[in-house]
Structures are given as C-alpha cells and as structure tokens.
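Beneath this line is the structure, given in structure tokens, with notes to follow.
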Amino acid sequence: MMRQYLRIKAENPEYLLFYRMGDFYELFYDDAHKAAELLDITLTARGSSAGSPIPMAGVPYHAADSYLSRLINKGESVAICEQIGDPATSKGPVERQVVRILTPGTLTEEALLAGRDENLLVALYQHEGRYGIATVELSSGRFIVSELDSLSELHADLARLQAAEILVDESESQNLADFAKKLRVLPPWHFDLEGAKRRLCEHFQIQDLKGFGCDNLDLAVIAAGCLLNYAQETHRTALPHLRKLIVEQASDSIQLDLQTRRNLELETNLSGGRDNTLLSVLDKTITPMGARLLRRFLLRPLRHHQTIKQRQQAIQQLINSQLIETIQTTLKRLGDIERILARMALKTARPRDFMQVRNTLGILPEIHQLLANFDANRLVLIDRELGQFPELLNLLQTALVDEPPVLIRDGGVIAEGYNEELDKLRHIRDDASQFLLDLEQRERERTGVSTLKVGYNRVHGYFIEISRSHHIDVPTEYVRRQTLKNAERYITPELKGFEDQVLSANERALALEKSLYDELFDKIMPDLPALEMSASAFAELDVLANLAERAETLDYIAPNFSDRAGIVIEAGRHPVVEISIKQHFSPNSLKLTDQQRLLLIT
C-alpha cells in the first residue's frame, strides 16, 4: 500500500495528498506533519520505513469539506486520491487515483466557496510590455479575455479582480510582488500560442477563434489556453460549462487605477474592511449571484450611454410599479442557481442542488407574471431570457422527493412512483418489520419463551435472542450467532433466507437509485445552456430590483448624460458619508464646465 502511495505522491509532489483509506483521508510523511500543524489534528504513525515510524494524520471522509476549506483558506492545494477499485475483487492494494485537485482558484464545491464573492482563476502572459489576461470563474462558467498596454494597467486590473490564484510564466513573477501569495508559477511551455489555439478550438469544437473576436488577441489567447489547460488538469474533466470566450475591451468601461479605486472606497475602506464603502450602501441584493453581478457593475463602470439609459429606464419602471418588494420576496426562494448549474455540468451536484433547480423552475411563472407589467428594454429581455422549462420541471417534480438528503449514497432521493423496480426493492426492504413481528410471535409460541425477541444489528445481522434465565432446549434449526452476558442470539434458515433477501434488496435499491440519479444529469444536460441564460437573467433582475429599492429608500435620482464637457450636481449627497454619520447631512452643489474645470477645496 505504501508503495502505491509513494507512486501517487511522486506524481503530485506540489500538493497535499488526501489518500482515501476506508472512511478516512490519510496523509503521510511531510504532508502529515504539515496537515497536523495547519489543521490541529493528531499526528500518529503507521508502520515504519528505514527503521523509523511513518508519520500519519487523517480526517474523516464525511467531514472532509470543513478540513479542505481550512487548508484552501490558508493557501494550500490538495490532491484528492480515491479508491476506484472494488476491495472485494482487488488482489493487493485497492486501485486508487487522483480524481480532483483543489486549488484556491479552481473551486466549484459549495462548502468551499464564499457565496457572495467571486472565486477567480487568472492567467496572464507578457510580451514586449503588453499583457494578455484570461479570467475564469469555474463555479459559474464565465470565461473572459482581454489585453492591457502596461504593467500599471495590469496591477489595476488584478486589484479589481481579486483573483484567488494567478498563473504566470517564471519570468513574470518578479513584476507581481504585490500578488506573490496568489501566484502559481508555471514553466514556459504552458504559454504557447499554437498549443493554446489548438486547445481552445478543441474545447469549443470550432475551427478558429474568430467568432469570439480573438483573431488579433494572441497574448490573451495564450493566457486563455494556459488557463484552460490548468483548469482541466485540476478538475480531471473537460469543463463543458465553459461555453464561450468573452472579450472585454478597455474602451467598454472606465478604467480605474489602483490608487483611485482605493481612495474611492468602492468595496474596501482605507483600513481594509468592507464597512462604510459604496458597495456596503448599495448591496441589498437577495441572491448570491446578484451580489456578484452588482460588484462587477460597480468596479467596471460602463462608458456606453445607451446601456446605462436602459438600466435607468428599468430601475425607474420598477420604482413606479410598486412591485419591488414582491419581486424581491419571490427571489428569496432562489438558491445560487448559477453555481449549481456549473456543478450540474460537472456532474458533481448533490441532491439538494437538484431540489434548488426544481424550486427555481417552479417560481418562473410568478416572475413572468410580474415582468408582464413592464416594457423597459432590459426587463423585457430578462423576461425572455428567463425562459420556460415545463418538461424539466415535471421531470424533477416526479423524480425527486420533496426534501432529499444531503448525499445520494444515503438513498431516499428518488421519489416513490418514479421507477417501478426501485419501488419493488424498497417494498421488500421496508416490509421487514411486519415479517419480524410475525416471526417473533410464532417463535414465542413454539418455544414457550414469552420474552423471546427478534432483532437486528449492523455487525451480526438478524437474530433471535433468548435470555439465559430461560433454560430450554432450543430447536435444532437454531444456530448460535452471538453470546452475550445475559442472553444467547441465534439464526435460523428461515431468518437467514429473509436476511439475504432484505440485504440484497437494500443494496440493489441503493445501486439502482444511484443509477437513476446519474441519469438525471444526462436528462438535464440539453437544457443547461438555456438554464445558464436564465440564471444570468435572474442575477440581473436581482441587481435592478436592488438598485430600485436603494434609489427609492435613499431618495436617489438618475443622472442625465451629455456629450458636452462638465458635471453639474445640485444638492448632492455623499452616499457613504450620509449613511455613516449620525447627524443631518448638508447637501452640496457642484458645477464644472468646459470653462471651469477645477475647484480647489481647502
């Protein structure tokens, strides 16, 4: 077994190796020392090597998420090594392999993510002072590329993105000292243009990248190819939820340098906290995906007047409709559907993720009815993009119990009536109680022992128990199964036959239920692109309703835009200062024109 461990560890030297052994993940040697220190778990030993005990530390399989979260938060990366062979048929050590590598930027697991914050993986490539940058949020599927003209622009963009992990070439790490804790340095061969183009085209199943607008963005393509390769290697799958590349142009938004962003205290105050910032005032969004979208809106202000006016029109109609509270109350029934759909695509979703999708589809008619009251362009588009999924809703309502357990391995996920064979197996398993009562009564009458009991435990299975105080000659077909201090336990051919039938039915029921659950992934796959569009529409509706509520509650008005130089503010109020002070805020007016571009305040 240790030979197998050492081979797998040699293939993954830079990661802590969680090596599955029964109900535990075990770590050995230096990994054990490190994990014991970081997680405050017991350091023990297993066997010996070269005359010295082999250090070992472990965590329970069922509680692994909490330990993994702590390691990731400390900047560690973990390779998960599972048993993939059958212990009953394996000769020697059970076959194992690494099925997933968890790194700070590649997380999709709900337990490891902060709901209202993005978890971004970034790759960048530099050539002759210009930078290509690729960003992906694997927990939602957003894949973005852009190019920047200078190191200062790169620093500003990285400060905006707050990436969890940044992939860089060996030669570039020295220019990113401010982000040193987030860097993962890769060899130069990861940054190859032809390899990147090939990898991206294979992934998106296209001939070239022109359709994404990437034909003249070689630096961004190199970064994107590196990022995709790294993400696929860590997830050990094709990442089907990455469906397109989005090109962001610098001209689309106002570029805020790092110092400006800090001084404006948009999301972080000068002390590094999140209180008394513009985001803390404006963010009363209902859903986690809405919160993430609002942050993107705030940190990347648009230049396009038409898009801004469309948002303003939508917000004004929401205010006038007096339906904001109704919409927000309805949105409270949503889960983080954006991230759930990513797990669906990766086939790692849990039963309650399916339940959240079902609940989301169930409120669509209510949302469509509410949105029928509006004709603002953005709200009409949201209404259309939300879509309708009656067949999928019917499938999930039919297939799933109302309140499924956390994990499919526990069973009880698939609803009664969905599959006839499963219902039959469950009937055999669940009717055991009546058979046991009948058997107990018959055996009491046959033996004359009124206290005779028929029972079950996980170790010894079904049994007939007779107290030692009853000195009787048990029937010849009674076979002793267990001796207790005050009783003897027996098994009979009849009870043994029943035991085999019940245990077989239970095992077959669990296996069939797992198979039916896996089929649900396949059945939902064709709808995933439309569902992802629906999730994005829900997020935008949440943001617009939130901004409408903030505008109404805080008495904000919409500014008018002009192509002329200047800014005019009448009775302006600072949104953060007004909220934070305990006294009346005195409004201030401001007028800057083409003739008067500067005001000096002393």
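The values are calculated or read from the model by the stated rules, or taken from the named source; none is laboratory data. Keep in mind that what you see is a predicted model, and the values were worked out from it rather than measured. Here the Cβ is made from the backbone with ideal geometry for all residues, glycine too, and neighbour counts use every protein chain on show.
Quick grid of which residues meet (1) farther than 28 Å from K91 by Cβ; (2) modelled with pLDDT under 95:
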residue: L6; (1), (2): no, yes
residue: Y19; (1), (2): no, no
residue: D23; (1), (2): no, yes
residue: E26; (1), (2): no, no
residue: A36; (1), (2): yes, no
residue: I41; (1), (2): yes, no
residue: R70; (1), (2): yes, no
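Could you list, in sequence order, the residues of region 193-205 that are out of contact with any helix residue (DSSP H, G or I) (no Cβ under 7 Å at 6 or more places or on another chain) and either within 22 Å of S150 (Cβ to Cβ) or surrounded by 14 or more Cβ atoms within 10 Å (Cβ to Cβ) (or both)? Full working, then the answer.
Step one: filter region 193-205 for residues out of contact with any helix residue (DSSP H, G or I) (no Cβ under 7 Å at 6 or more places or on another chain), giving 194, 198, 201-202, 204-205.
Within region 193-205, C201, F204 meet the criteria.
Does V380 count as within 30 Å of E109 (Cβ to Cβ) and of a type in the set (V, I, T)?
No; evaluated as a whole, the condition is false for this residue.
Which pairs have Cβ atoms under 9 Å, sit 6 or more apart or on different chains, and link a residue in region 185-202 that is in the same structural domain as S77 (by the TED database) and under 17 Å from E170 (Cβ atoms) to one that is surrounded by 14 or more Cβ atoms within 10 Å (Cβ to Cβ) and modelled with pLDDT of 95 or more?
none
Looking at region 153-175 only, could you name the residues that are more than 16 Å from L256 (Cβ to Cβ) and surrounded by fewer than 18 Cβ atoms within 10 Å (Cβ to Cβ)?
Pass one, region 153-175, residues more than 16 Å from L256 (Cβ to Cβ): 163-175.
Within region 153-175, E170, S171, S173, Q174, N175 qualify.
Name the residue, out of L370, L293, L279, that is without any contact (Cβ under 8 Å) to a residue 60 or more places away in the chain, under 14 Å from L547 (Cβ atoms), surrounded by 16 or more Cβ atoms within 10 Å (Cβ to Cβ) and not assigned by the TED database to the domain that holds S580.
Working: L370 fails: under 14 Å from L547 (Cβ atoms); L293 fails: without any contact (Cβ under 8 Å) to a residue 60 or more places away in the chain.
Criteria check complete, one pass: L279.
Output the residue which, of all residues in region 281-306 that are modelled with pLDDT of 95 or more and more than 24 Å from the chain's Cα centre (by Cα), is nearest to R142 (Cα to Cα).
Only one residue fits best here, namely L282.
Considering only residues of region 410-441 that are within 18 Å of S467 (Cβ to Cβ) and not hydrophobic (A, V, I, L, M, F, W, C), which is surrounded by the fewest Cβ atoms within 10 Å (Cβ to Cβ)?
Q441
Residue by residue through region 384-403, note down the ones that are touching a residue at least 60 places away in the same chain (Cβ under 8 Å) and among the acidic types (D, E).
Within region 384-403, E385 is the sole residue that qualifies.
Does any residue of region 90-104 turn out to be over 27 Å from the mean Cα position of the chain (by Cα), more than 30 Å from R142 (Cβ to Cβ) and in contact (Cβ under 8 Å) with a residue 24 or more places away in the chain? Spell out the reasoning first.
Filtering region 90-104 down to residues over 27 Å from the mean Cα position of the chain (by Cα) leaves 90-95.
With the extra rule that they be more than 30 Å from R142 (Cβ to Cβ), the set shrinks to 90-95.
From the residues that got through so far, the ones that are in contact (Cβ under 8 Å) with a residue 24 or more places away in the chain too are 93.
Looking for residues that are over 27 Å from the mean Cα position of the chain (by Cα), more than 30 Å from R142 (Cβ to Cβ) and in contact (Cβ under 8 Å) with a residue 24 or more places away in the chain, one finds at least one in region 90-104, hence yes.
Against the condition of a type in the set (S, T, N, Q) and either surrounded by fewer than 18 Cβ atoms within 10 Å (Cβ to Cβ) or over 21 Å from R292 (Cβ atoms) (or both), how does S150 come out, does it pass?
For S150, the condition - of a type in the set (S, T, N, Q) and either surrounded by fewer than 18 Cβ atoms within 10 Å (Cβ to Cβ) or over 21 Å from R292 (Cβ atoms) (or both) - is met.
Among the residues of region 387-440, how many are part of a helix (DSSP H, G or I), under 28 Å from P365 (Cα atoms) and of a type outside the set (D, E, K, R)? Lay out the reasoning, then the answer.
Keep residues of region 387-440 that are part of a helix (DSSP H, G or I), which gives 390-399, 408-410, 420-430, 432-440.
Going one step further and asking which of them are under 28 Å from P365 (Cα atoms), we end up with 390-399.
Still in the list and also of a type outside the set (D, E, K, R): 390, 392-399.
Qualifying residue count, region 387-440: 9.
Six or more apart or on different chains, Cβ under 7 Å: which pairs go from a residue in region 216-243 that's among the hydroxyl-bearing types (S, T, Y) to one that's assigned to a loop (DSSP other than H, G, I, E, B) and surrounded by 21 or more Cβ atoms within 10 Å (Cβ to Cβ)? Could you list them?
T234/T103; T234/T106
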